[in-house]
Number of protein chains: 2
Amino acid sequence: MLHAIVMAGGSGTRFWPASRAALPKQLLPLAGDRTLLEDTVDRLEGLVPPDRTMVVTSAQLLDAVRCQLPGLPESALVGEPCKRDTAPCIGLAALLVSRVDPDATMAVMPSDHVIRPAQRFRDAIRQAEQLVAATPGRLVTFGVRPTYPAESFGYIQQGEPLPVGPDDSPAHAVARFREKPPASVAAEYLAAGSYLWNAGIFVWRAATILAALRTRQPECLARLERIAAAWDGPDRDQVFAAEFAAIKGISIDYAVLEHADDVAVIEAPFGWDDLGGWSAVARQLGADATGNTVVGRHLDIESSGTIVHATGDHLVVTLGLVDMLVVHTPDATLVASRDREEAVRKVVAELENRGWMEFL
Amino acid sequence: MLHAIVMAGGSGTRFWPASRAALPKQLLPLAGDRTLLEDTVDRLEGLVPPDRTMVVTSAQLLDAVRCQLPGLPESALVGEPCKRDTAPCIGLAALLVSRVDPDATMAVMPSDHVIRPAQRFRDAIRQAEQLVAATPGRLVTFGVRPTYPAESFGYIQQGEPLPVGPDDSPAHAVARFREKPPASVAAEYLAAGSYLWNAGIFVWRAATILAALRTRQPECLARLERIAAAWDGPDRDQVFAAEFAAIKGISIDYAVLEHADDVAVIEAPFGWDDLGGWSAVARQLGADATGNTVVGRHLDIESSGTIVHATGDHLVVTLGLVDMLVVHTPDATLVASRDREEAVRKVVAELENRGWMEFL
């Protein structure tokens with residue numbers, strides 16, 4: 001049976017002040033009326049039922065996640081006591097899923113990407129499920145065809161093509177995983193045509209990923225097994241906190257994928273955007289006739305290329321702005337030149353530095 | 001005896017959203033800790049006592065003015081039922097002052113300018129008082145030596161010099177008043193060296209200005225006299241509302257000064273700024289090392305030449321801004337390019353146009 005594991009523990013700083021430690025990107029409706037997390041779970045409708053869906057987030061986000069996903073049972077929500085990257089998260093999910101379904105296949109996905117249309121996503125996951133059914137030890141990844149020489153993504157180099165059905169997307173064996181490249185290398189990848197952006201979406205049997213972790217990360221898996229063993233007992237929280245904290249954080253890519261023999265990559269048949277910043281949001285929402293993108297109450301006089309994001313009834317007026325970013329929240333407002341969008345992280349670092357924790 | 005008449009009925013739009021219809025420029029602490037109105041009244045200390053000070057404002061601002069000036073008796077506050085420019089305001093003040101002091105000399109001044117230091121202002125008013133005492137029919141104005149070819153001020157052309165004491169400022173007969181000039185004419189005035197900006201501050205005997213109004217604006221004065229006659233009776237509000245509304249609005253410059261024979265101008269020995277917009281505020285407050293001027297809670301990353309004005313505890317973060325203006329208030333925020341500062345008035349016009357009256 002197919003199970004969905006939604007990873008919702010991310011804590012970015014690129015959308016400050018709209019995003020905060022207690023309200024990270026995946027909990028915001030950045031690309032429409034629904035939050036990215038809500039969109040991610042909505043997207044599973046018809047593919048995986050709620051009782052085979054698991055959302056792994058951080059303990060401090062558990063209440064907010066619960067509020068956004070009233071359709072999921074309480075048992076579907078896992079709150080990690082601390083951040084340990086994706087391998088421990090996925091390993092624990094695999095153990096918990098295996099307890100009820102030893103033959104489970106897992107579709108693992110981030111909760112903070114924009115993926116449209118949902119039907120193409122579901123089709124691709126089903127194709128991956130078939131690739132796993134055909135070769136049970138296989139790990140399936142998804143790659144997005146690059147449209148520019150991005151330096152901020154990992155790349156997957158396509159190897160030999162795999163046989164696919166007439167309605168399927170192209171699938172290949174993975175030749176190699178490549179880390180985030182410098183610009184010149186990214187340009188080579190783009191020109192070569194055989195490199196895809198790693199979308200961070202995976203399909204595999206729970207047993208397969210657990211076996212790989214047992215080989216590659218035995219201590220991590222042992223601790224995760226102690227957590228799983230305590231899951232239904234009175235000591236769950238205590239064991240979870242102690243054992244999880246003792247695990248060394250590592251990504252599933254480093255821990256397993258880069259060393260595995262049988263990894264396939266399906267070329268994503270859906271539109272994909274990791275929403276890396278406000279300009280990506282503007283791309284998703286589209287612009288008005290003057291090139292401005294607006295969420296919230298706004299009045300403009302002769303601005304262009306400007307992004308405005310305001311909460312509540314607060315009015316933001318822009319006058320003669322060119323390529324600017326204005327993000328208003330009840331307690332903090334950011335005004336930035338759009339070409340400095342990457343430096344929003346500096347703002348958060350400086351707030352930490354000054355100890356202005358109420359704004360984080 | 002010298003009486004002070006502070007004109008505080010102005011309603012500008014250049015400082016929106018910090019200024020509103022119910023909180024115009026003179027009621028804001030734009031150039032320091034005190035509001036411009038408070039500063040104006042503070043400046044009279046040692047020159048005119050509270051019981052010889054009168055503040056003329058609009059009826060709807062009366063409560064706010066009363067709150068800012070707790071040291072003035074209730075009888076010192078006059079709330080005009082509608083706007084009729086400076087001549088009716090000054091005429092009514094002259095009538096009210098004459099009732100208690102028929103030989104009164106009045107110093108008339110706006111409440112929304114920055115004048116520093118206060119001692120020099122008091123010295124100049126005393127000099128004007130002496131010029132009036134020497135020639136009781138004389139009208140005394142104040143001129144500010146131009147520092148650039150301003151198009152937004154009226155000018156006073158100096159005529160024959162008048163005798164002054166050793167510590168006095170230069171004083172001249174007024175050759176002519178000049179309206180706001182186009183740039184080329186303003187440049188000629190600046191080069192000529194004998195034109196001063198009209199500071200809108202006047203000293204004269206109440207009897208003199210009333211005689212001039214009787215000749216030049218007889219209907220206006222007749223209506224003002226009916227108001228003054230009803231001032232202590234039960235019909236004051238009714239008569240004030242009806243008669244004042246029936247007066248045609250006109251400035252004291254057009255009504256009297258431009259036609260008067262004996263007008264003197266004292267060259268202002270004090271620093272003067274009419275605070276025509278946010279850049280003037282920045283000039284008054286000064287800038288930090290990066291050329292930014294900040295009022296309120298603020299964090300900057302690599303901005304320059306930027307003005308930030310935030311109310312309360314709201315945090316404004318600026319990132320990579322150059323010559324921008326950010327004004328935050330609890331219900332509205334303006335972000336503008338500083339070179340479009342003049343167009344803030346367009347914003348207010350557009351808000352009116354849309355019927356968004358809650359922001360005016």
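Some observations on this one:
- Placing dummy labels 7 Å off each Cα toward the beta-carbon, the span from B:GLU219 to B:CYS82 is 1.3 nm.
- Taking 29 Å as the straight-line reach from the Cα of A:LYS248, the lysines in range (excluding those fewer than 8 positions away in the same chain) are A:LYS25, A:LYS83, A:LYS180, A:LYS346.
- Label reach from B:ARG283 (point 7 Å along Cα→C-beta): in region B:172-216, amide nitrogens under 13 Å belong to B:197.
- Rg/Rh for region B:78-147, where both radii come from Cα atoms and Rh is the Kirkwood radius: 0.99
- Among A:ALA349, A:ALA206, A:ALA59: highest mean-square fluctuation, GNM of chain A, C-alpha pairs under 10 Å: A:ALA349
- If you wrap region A:272-326 in the convex hull of its Cα atoms and look at it from every side, the mean projected area works out to 3.7 nm².
- C-alpha center-to-center spacing [region B:110-168, region A:77-147] in angstrom: 81
- Amide H contacts under 5 Å for A:ILE5, placed H, 5+ residues apart: A:MET54, A:ALA107, A:VAL108, A:MET109
- Amide H partners (placed H, <5 Å) of B:ARG205, local residues excluded: B:MET106
- Treating each Cα of the protein assembly as shown as an identical point scatterer and summing with the Debye formula, the log10 of I(q)/I(0) at q = 0.06 Å⁻¹ comes to -0.54.
- Gyration tensor verdict on region B:6-99 (Cα atoms; rounded if a/c is under 1.5, prolate if a/b is larger than b/c, oblate otherwise): oblate
- Net charge of Cβ neighbours under 14 Å - reference B:ALA134; Lys, Arg +1; Asp, Glu -1: 0
- Note on chain A: antiparallel DSSP beta bridges, both residues inside, total approximately 45 percent of the bridges counted.
- The share of alpha-carbon pairs in region B:1-158 lying farther apart than 26 Å comes to 27%.
- Pairwise label distance in nanometres, A:ARG66 with A:ARG176, each label 7 Å out on the Cα-Cβ vector: 4.8
- Distance between modelled label sites at A:ALA211 and B:ASP235, nm, 7 Å Cα→Cβ extension: 10.6
- Summed side-chain charge close to A:ALA171 - residues other than A:ALA171 whose Cβ falls under 12 Å, Lys, Arg +1, Asp, Glu -1: -2
- Each eigenvalue of the Cα gyration tensor of region B:111-222, multiplied by 5 and square-rooted, gives one semi-axis; in descending order these are 24, 20, 14 Å.
- Backbone amide hydrogens, once placed in the peptide plane, bring A:GLY271 within less than 5 Å of A:ARG116, excluding anything fewer than 5 places away on its chain.
- Calculated mean residue ellipticity at 222 nm for the protein assembly as shown: -9500 deg cm²/dmol, from DSSP H runs with n ≥ 4 weighted as -39500 (n - 2.57), summed, divided by the residue count and rounded to 500.
- Springs join every pair of Cα atoms under 10 Å in this Gaussian network model of chain B, and among B:PRO218, B:PRO149, B:PRO70 the largest mean-square fluctuation is at B:PRO70.
- Of all DSSP-defined beta bridges confined to the protein assembly as shown, some 40% are antiparallel rather than parallel.
- Solvent-free Debye scattering, log10 I(q)/I(0), computed from the Cα coordinates of chain A at q = 0.09, 0.13 Å⁻¹: -0.53, -1.10
- Volume per residue of the convex hull around the Cα atoms, evaluated for region B:281-359, comes out as 93 Å³.
- Normalised size of region B:128-286, defined as Cα radius of gyration per 2.2 N^0.38 Å with N residues, equals 1.21.
Laboratory data are not the source of any read-out in this text; all were calculated from the coordinates shown. Remember, predicted model here, so these are calculated numbers, not experimental data. All Cβ positions, even for glycine, are placed from backbone atoms using ideal geometry, and neighbour counts span all protein chains on display.
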